[in-house]
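J.: Got a structure for you, written out below as structure tokens; questions coming shortly.
The values are calculated or read from the model by the stated rules, or taken from the named source; none is laboratory data. The shown structure was predicted, so the numbers you read here are calculated from the model rather than taken from an experiment. Glycine gets a Cβ as well: all are built from the backbone with ideal geometry, and neighbour counts include every protein chain shown. Ligands, DNA and RNA are stripped out before the accessible areas are found, and what is left, the full protein with its side chains, is counted by its heavy atoms. Shrake-Rupley method; radii C 1.70, N 1.55, O 1.52, S 1.80 Å.
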Amino acid sequence: MIDSVKVFAPASVANLACGFDILGLAMEAPGDEIIARFNSETHQLRIASITGDEGRLPRDIESNTAGFAAQQFLKSINYSGPGIDLEIHKKMPFGSGLGSSAASAVGAVFAVSQLLGGQWSKHDLLPFAVQGEQQADGAYHADNVAPSLFGGIVLIRDNQSLDVMHLPVPEDLTIAVIHPQIEILTKEARSILAPTVPLKDLIIQSGHLGSFIVGLYTEDYERIHRSVIDVVIEPQRARQIPHFFTVKSIAEKLGALGCSISGSGPSIFAFCRGETHAQSIAERMGDIYGAHGIAVDVFSGKINTQGVQIIP
Ligand code: HSE
């Protein structure tokens, strides 16, 4: 029997402009590393250590996203074996719109399930990771958790029943993502949203969503470009992100296949074609913040199709 498992759970970009709360994709980097280890001196699940959080995350199981997710999973299987320690290594910013709490929840549930033999599918684990993330932002949605868990681009028909589908990832589709170092908590970014959507916007947004999905299936980059548009959420959240429209217009001028807010922000993503294209667009987007003296993290690359995985 193994006595410890280390996993990498990737960051994710939720919403993808046209699918608020129902679309998301996994990034190659950054992500969290989580270790689950048996501790025969106790019979409890414990958080043994957290690094990279500057002391900001709760250490008790019930209030920690990763701890809560793992605990819910263990309860569901009536686990009564030796104690389990979790080591959480935060390797991505919080409040960034990159699915930080989702990555921790996914990493913890997956690491614990692998430690116990790995007989559960990723679909079996999904509800526990979503419950963990709900602990952080108060809402039950899987658009960060599902991509971090499964990889690729996911579509969620219904968040309550977690009816999740895997969409195709066109060969050349890449992403540029920048994270200006300003913190926006998802809970707050959700609280500013109007509770209703005008009918005309619903019609426009539904058209974009359907067209984006067709674009993925047909590898039609022009169609993807025409569809990565958000007339509902972006106009409400953009004002919280300084220089958002300057960054978006640079990305568009440089030929990005659409640019919008990543999750609840402040990160901004752009779809690109090819890794070189993504890298140069990400750098130019990041330069806008550099010029205004705002620190920024810059990421670019392919879409991670593997999701959470065991690492050495
Ligand atoms: N769909 C969620 C939101 C994602 O935009 O509030 C949070 O990262």
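J.: Given a cut-off of under 8 Å on Cα pairs at least six residues apart, what relative contact order in percent is computed for segment 173-302?
T.: Computed value for segment 173-302: 41 percent relative contact order.
J.: Summing Lys, Arg as +1 and Asp, Glu as -1, what charge do residues with Cβ under 10 Å from the Cβ of residue 264 carry, residue 264 excluded?
T.: Local charge sum for residue 264: +1.
J.: Here's something else I'd like to know. So which of 91/248; 122/187; 253/302; 6/248 end up more than 28 Å apart by C-alpha?
T.: As for pairs spanning more than 28 Å Cα to Cα, those are 6/248.
J.: Right, something else. Using a simple charge model, +1 on the beta-carbon of Lys and Arg, -1 on the beta-carbon of Asp and Glu, nothing else, what dipole does segment 173-302 show about its Cα centre, in debye to the nearest 20?
T.: The dipole magnitude comes to about 240 debye.
J.: Then there's this: Each residue of segment 153-160 in turn: what ³J(HN,Hα) in whole Hz from Karplus with 6.51, -1.76, 1.60 and θ = phi - 60°, glycine and Pro shown as x?
T.: 10, 10, 10, 10, 5, 8, 6, 5
J.: Sticking with this structure for a sec: Tell me, in nm to one decimal, what length is gained between residue 63 and residue 75 on full extension, where the rule is 0.36 nm per residue of separation less the Cα-Cα distance?
T.: 2.7 nm
J.: Using the Cβ atoms and a cut-off under 11 Å, what net charge is assigned to the surroundings of residue 225, where Lys and Arg are +1 and Asp and Glu are -1?
T.: 0
J.: Along the Cα→Cβ direction, 7 angstrom out, place labels at residue 160 and residue 49. What is the inter-label distance in nm?
T.: 4.4
J.: Okay, next question. Counting each DSSP H run of 4 or more residues in the chain as -39500 (n - 2.57), what helix-only mean residue ellipticity at 222 nm follows after dividing by all residues, to the nearest 500 deg cm²/dmol?
T.: Result for the chain: -11000 deg cm²/dmol, rounded to the nearest 500.
J.: If you don't mind, there's one more thing I want to ask. Using the Kirkwood radius over Cα pairs, work out the Stokes-Einstein diffusion coefficient for segment 1-73 at 4 °C and 1.567 mPa s, in µm²/s as a whole number.
T.: In µm²/s, the coefficient is 89.
J.: On a 0 to 90 degree scale, rounded to 10, what angle separates helix 199-218 from the longest Cα axis of the chain?
T.: For 199-218 against the chain, the angle is about 70 degrees.
J.: Right, something else. State whether segment 173-302 is rounded, prolate or oblate according to the following rule on the C-alpha gyration tensor (a ≥ b ≥ c being the square roots of its eigenvalues): a/c under 1.5 gives rounded; otherwise a/b larger than b/c gives prolate, and the remaining case gives oblate.
T.: Verdict is oblate for segment 173-302.
J.: log₁₀ I(q)/I(0) of the chain at q = 0.14, 0.16 Å⁻¹, via Debye over equal Cα point scatterers, no solvent, to two decimals?
T.: Values returned for q = 0.14, 0.16 Å⁻¹ are -0.99, -1.25.
J.: With every atom except the alpha carbons ignored, what do you get for Rg and Dmax of segment 53-120, in angstroms?
T.: 12.4, 37
J.: Projected onto the charge dipole of the chain (+1 at Lys/Arg Cβ, -1 at Asp/Glu Cβ, origin at the Cα centre), which of 151, 128, 255 gives the Cα projection farthest towards the positive end?
T.: With unit charges placed on the Cβ atoms, the residue in question is 255.
J.: Mean separation of Cα pairs under 8 Å and 6+ residues apart, divided by the residue count of the chain: what relative contact order is that in percent?
T.: 24 percent.
J.: Can you give the relative contact order of segment 72-157 as a percent, counting alpha carbon pairs under 8 Å and 6+ residues apart?
T.: 29
J.: Would you kindly find the accessible area of residue 252, with a 1.4 Å probe and non-protein molecules such as ligands, DNA and RNA excluded, rounding to the nearest 10 Å²?
T.: 90
J.: Quick one: if the Förster radius is 35 Å, what FRET efficiency do residue 254 and residue 185 give, using the C-beta to C-beta distance and rounding to 0.05?
T.: 0.70
J.: I'd like to know which of 27, 174, 199 lies farthest towards the positive end of the charge dipole of the chain, counting +1 on Cβ of Lys and Arg and -1 on Cβ of Asp and Glu.
T.: 199
J.: Which semi-axis lengths, in whole Å and largest first, follow from the square roots of five times the eigenvalues of the Cα gyration tensor of segment 171-227?
T.: 27, 21, 7
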